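Asks: Input: one structure, supplied below.
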Amino acid sequence: MSAERKKLRVDPIKPKTIVYSCPYVPPEWIAAHGFKPRRLIPLPLEGASTIPRIEGLCPYARAFGNDAAACGDMAGIVLTTMCDQMRRLFDLLVRRVDVPVFLLNVPSTWQTPAAQRLYQEELKRLGRFLVRLGGHRLEGQELENTMSQYEVMWELSEVFPERSSCQTLSESVVAPSMLGHRTTRPRSDSRSVPGVPIGVIGGPLMQRDRVLFDVIRDCGACIDFDGTETGGRGKCHLDLWYVRKDYWRELMEAYFRIPDPARRPNSEFYQWLRQELKGSAVRGLVLHHYVWCDKWHAEFARMKEWIQLPMLRLDSEGEGELDSPRVRNRISAFVETLR
Amino acid sequence: MSGTPRQITLQQWDREYDRLRAAGLSEPVYGGPLGRHVADGDTRLLKLRYDNSPAALRLWNFLLTEEDRLRAARHSGKKLVGTMKDLGTVPVMAYSLDNLVAFYPDGAWWIPCVMERNAGLLQIADTLGIDESFCPVRAMLGAFVTGAHFPIPDLLTCSVGATCDDFSAIAQRLSALGHPIFWWEIPHRRAPEADEKAVELPGGFSAPASLVRFVRSELERIRLLLEDLSGHTMDEETLAQGVARANQVRLILAQLRHLAFTAPLCPMPALEMLIAEMLAIHFCSDQEETIVVLQDLLAEVERRVTAGVGYLSADAARVFWVNPVADLRVMNLLEDCGGRVCGTEYLFAHALDPIPTDLPPMEALARMALADPMVGSAADRATRIVADIRRFGTEAVIVSRIPGASHCALEGEIIGEIVRAECGLPVLEIEVPSLTDATQATLRTRLEALVEIVKEKK
């Protein structure tokens, strides 16, 4: 059955939610069409069975699929092609859930005008998808206003980092009361908390795996830099001056340039990392990835050569093991070597 | 021409070779006894069984001498293009120009099998941070480091986008080791929407015209690059001639596959058929010779079909095989268990379909590239598999997982679901690592169970 032909389960009174998976989906774009964007960061749910446990399947992709399938109040799901497993999850969700699912084609390459145009066209296609789901066509300054509101929220999140996460921020403009109700993201705390300053980098973290930040602090370190996808790296900052000048272009360019190791070449990611580490007090870097995540796993050795700092690689199966004595022991030993 | 078809060991082949030579066997320059390749380290050959025809001998010798051909090409002044991941598109362009030779460094994924891990390529990949959680194609990294298995190409291209994460990550690691790569984008193939202009692709799928235009623009970038490397212009006529030669290979393979998969008795074993199909993607570094090798094999198959001779019995379980195997020995194993391959989808179906000749060549190649099974959905793959199952009269499906490959985690589930629903056939998923010796008994049991189920249903 085509994703488009699926029957919608939209309650006309409740705001319609669009669940999405990836920072390359601009929540402003979804919100401007009249939906509540929700970057779904899986818990994951216990006992979920839409996607069975399969050898080789990324735990995050599986948890996202199961949690998305269990969402009752959504109008649609948006996935992207940035990760092969998520791209293939789309195939499965289309067959297993009864809401429309959209796959946003995000090019891996970024240096050519053609790749940039492809991303732009894909955003427009997403817009048409949202209109077909009952969203409204954009008129006048609607997008510009939404973008400005979002940027204000992002800036607030810098001031009150403990009150923000990618998920809460993506929802905050259409549901401001959400802000501050989910506070799982660790704050950047090297200036206020004693301890060895370290950075954390990697893909997205499931909600319960954010305990990693607490474990690191418990082991005597402080987080100077959060480069996870669900942390600082996944937040897209818009320049309000450019928003006023050409909001569409600013939206497209800002999101297309989010640094990620899956881009080819991924030199921009390393430039971003260099910039982030420049002037920071970071003495070591923890790289976390879920098992079967090739794009992060493959970067560890190169990153280690490149940043010339001690690094610790942690992989996990999404079973809550980041709080295990074994992981605590490894982090503790790592921090000890940095003192 | 050969006598009764039978599978023989390497030692038996060498004796048979002496007999054929004495009888006046005429051979190409790369000919010789198969046993000599073991001295090069290809020890897995000792554990395989081979078709006993001179055509199969030529096929194997052609395959196992590719490195020599690449070095000879470089020595003669030709430029080498390492075309990674696209499995069949860029080589058609490269071979349009006389002084370019294209090959897939990806092919190194079979080295740990053929050399039984003695080459140490996987260990080198381990030291570079690419461990066993990645697909065996990581052996390619080791091959670049040692430079012992193929000459380092003058140009490297790699398609990314809708490809597997393993390969993309490994290629990025390769780039970081100092091998510049020209990245080109192959976007995910999606169905056209109601308001979009649709374009038909080889293989029966369709895509939005805008996506085809995009791929065409990517291929235009590659055309410029190849022209630069070659020093010659790749005009439409030159490219059309290249397309025609590629189609010649595809036409022979289509006849070969049809006969091999539909004949009452299996006329050619699965292993030789797998190697033959592989020739389509880059012609084993010699396009003209590929045509001759395949013509020989086709003639042998035609002779056997006409004579009503072949392998196994007429009630052998007719199996459709999905994905290439990392250990070649598993193809022998299926036949040991009473099954024969009657239909394949080795991830390069787009390299087997005829390239349209009623279109400008670049447009035709862009459509072909988008027909790649890897860039579309698993449901698309399943649709094509179902069509081929009906065409070849297949009775069961084996989805052979590649260890660590990002596409293998979920696709088997979807393909199995669709095949069961559409055809009501049994589907078996197995995982095939580079060497299956340790799991041979388990694999055999699973394959035997599948064959028994098929035979019970007959």
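The values are calculated or read from the model by the stated rules, or taken from the named source; none is laboratory data. Only a predicted model underlies this, so the values are computations on that prediction, with no experimental measurement involved. We place every Cβ from the backbone using ideal geometry, glycine too, and count neighbours over all the protein chains shown.
Asks: Give, as residue ranges, the helices (runs of 4 or more DSSP H) completely inside the range B:285-385 that count at least 2 residues that are hydroxyl-bearing (S, T, Y).
Replies: Here the list reads B:287-307.
Asks: Here are some conditions: (1) crowded, with 20+ Cβ neighbours inside 10 Å; (2) more than 12 Å from chain A (Cβ to nearest Cβ). B:R420 meets all but one. Which one does it not meet?
Replies: Status for B:R420: all satisfied but (1).
Asks: Let me ask something additional. State which residue is surrounded by the fewest Cβ atoms within 10 Å (Cβ to Cβ) when the search covers only the range B:172-219 and only residues that are more than 10 Å from chain A (Cβ to nearest Cβ) and over 26 Å from the mean Cα position of the chain (by Cα).
Replies: Going through the qualifying residues, I end up with B:G178.
Asks: Of the conditions (1) farther than 17 Å from B:R190 by Cβ; (2) within 14 Å of chain A (Cβ to nearest Cβ), B:A378 satisfies every one except a single condition; which number is it?
Replies: Of the numbered conditions (1) farther than 17 Å from B:R190 by Cβ; (2) within 14 Å of chain A (Cβ to nearest Cβ), the odd one out for B:A378 is (1).
Asks: Also, quick follow-up: Please give the number of the condition A:G231 fails out of (1) at pLDDT below 95; (2) within 26 Å of B:A125 (Cα to Cα).
Replies: Here A:G231 meets the rest and fails (2).
Asks: For the range B:42-84, what are the residues that are among the small types (G, A, S) and buried (at least 19 other Cβ atoms within 10 Å of the Cβ)?
Replies: The initial filter retains those residues of the range B:42-84 that are among the small types (G, A, S), namely B:53, B:55-56, B:72-73, B:76-77, B:82.
Passing the criteria: B:S53, B:A55, B:A56, B:A73, B:G82.
Asks: Criterion first (farther than 20 Å from A:P197 by Cβ, charged (D, E, K, R), touching a residue at least 12 places away in the same chain (Cβ under 8 Å) and assigned by TED's automatic domain parsing to the domain that holds A:F269) does A:E317 satisfy it? Break it down stepwise before answering.
Replies: Numbers: farther than 20 Å from A:P197 by Cβ: yes; charged (D, E, K, R): yes; touching a residue at least 12 places away in the same chain (Cβ under 8 Å): yes; assigned by TED's automatic domain parsing to the domain that holds A:F269: yes.
In short, yes.
Asks: Considering only the range B:129-148, I want to know if a residue exists there that is surrounded by fewer than 22 Cβ atoms within 10 Å (Cβ to Cβ), facing another protein chain (nearest Cβ under 10 Å), of a type in the set (S, T, N, Q) and not in a loop (DSSP other than H, G, I, E, B).
Replies: No, the range B:129-148 has no match at all.
Asks: Related question: Report, by residue number, each residue of the range A:270-300 that is under 20 Å from A:C58 (Cβ atoms), in contact with a helix residue (DSSP H, G or I) (Cβ under 8 Å, 6 or more places away or on another chain) and of a type in the set (F, W, Y).
Replies: Once the filter is applied, which keeps residues that are under 20 Å from A:C58 (Cβ atoms), in contact with a helix residue (DSSP H, G or I) (Cβ under 8 Å, 6 or more places away or on another chain) and of a type in the set (F, W, Y), the range A:270-300 yields A:Y290, A:W292.
Asks: Using the structure shown, decide if B:I152 is within 24 Å of the chain's Cα centre (by Cα) and more than 8 Å from chain A (Cβ to nearest Cβ).
Replies: yes
Asks: Let me ask something else about it. Being outside any loop (DSSP other than H, G, I, E, B), within 11 Å of chain B (Cβ to nearest Cβ), over 18 Å from A:A31 (Cβ atoms) and touching a residue at least 12 places away in the same chain (Cβ under 8 Å) is the filter here, so list the residues in the range A:97-115 that pass it.
Replies: Once the filter is applied, which keeps residues that are outside any loop (DSSP other than H, G, I, E, B), within 11 Å of chain B (Cβ to nearest Cβ), over 18 Å from A:A31 (Cβ atoms) and touching a residue at least 12 places away in the same chain (Cβ under 8 Å), the range A:97-115 yields A:L103, A:T109.
Asks: Among the residues of the range A:241-261, are any over 30 Å from A:A115 (Cα atoms), part of a helix (DSSP H, G or I), basic (K, R) and away from chain B (no Cβ under 14 Å)? Even if it seems obvious, please write down each step before you answer.
Replies: So in the range A:241-261, the residues over 30 Å from A:A115 (Cα atoms) come out as none.
Taking every residue of the range A:241-261 in turn, none turns out to be over 30 Å from A:A115 (Cα atoms), part of a helix (DSSP H, G or I), basic (K, R) and away from chain B (no Cβ under 14 Å).
Asks: For the subset of the range B:331-349 comprising residues that are of a type outside the set (S, T, N, Q) and within 11 Å of the chain's Cα centre (by Cα), which member is surrounded by the most Cβ atoms within 10 Å (Cβ to Cβ)?
Replies: B:A349
Asks: Quick test of your reading of the structure: B:L34 fulfils all but one of (1) surrounded by 18 or more Cβ atoms within 10 Å (Cβ to Cβ); (2) more than 19 Å from B:E335 (Cα to Cα); (3) touching a Pro at 6+ places or on another chain (Cβ under 8 Å); (4) of a type outside the set (S, T, Y). Name the failing condition by number.
Replies: Exception for B:L34: condition (3).
Asks: While we're on this one: Specify which of the listed residues (B:L279, B:L265) is modelled with pLDDT of 95 or more and within 16 Å of the chain's Cα centre (by Cα).
Replies: Numbers: B:L265 fails: within 16 Å of the chain's Cα centre (by Cα).
Just a single option satisfies the conditions, and that option is B:L279.
Asks: So which of A:W306, A:W272 is farther than 23 Å from A:C219 by Cα, in contact (Cβ under 8 Å) with a residue 12 or more places away in the chain, away from every other protein chain (no Cβ under 13 Å) and surrounded by fewer than 19 Cβ atoms within 10 Å (Cβ to Cβ)?
Replies: So the residue among A:W306, A:W272 that is farther than 23 Å from A:C219 by Cα, in contact (Cβ under 8 Å) with a residue 12 or more places away in the chain, away from every other protein chain (no Cβ under 13 Å) and surrounded by fewer than 19 Cβ atoms within 10 Å (Cβ to Cβ) is A:W272.
Asks: Same structure again: Assess whether B:G376 counts as being modelled with pLDDT of 95 or more and over 30 Å from B:M234 (Cβ atoms).
Replies: No, not satisfied.
Asks: If a residue must be over 17 Å from A:F334 (Cβ atoms), more than 10 Å from every other protein chain (Cβ to nearest Cβ) and either charged (D, E, K, R) or outside any strand (DSSP E or B) (or both), how many such residues does the range A:278-303 contain?
Replies: 3
Asks: Go through (1) surrounded by 21 or more Cβ atoms within 10 Å (Cβ to Cβ); (2) among the aliphatic types (A, V, I, L, M); (3) out of contact with any helix residue (DSSP H, G or I) (no Cβ under 8 Å at 6 or more places or on another chain); (4) more than 10 Å from every other protein chain (Cβ to nearest Cβ) and name the single condition A:V152 misses.
Replies: Among (1) surrounded by 21 or more Cβ atoms within 10 Å (Cβ to Cβ); (2) among the aliphatic types (A, V, I, L, M); (3) out of contact with any helix residue (DSSP H, G or I) (no Cβ under 8 Å at 6 or more places or on another chain); (4) more than 10 Å from every other protein chain (Cβ to nearest Cβ), the lone unmet condition for A:V152 is (1).
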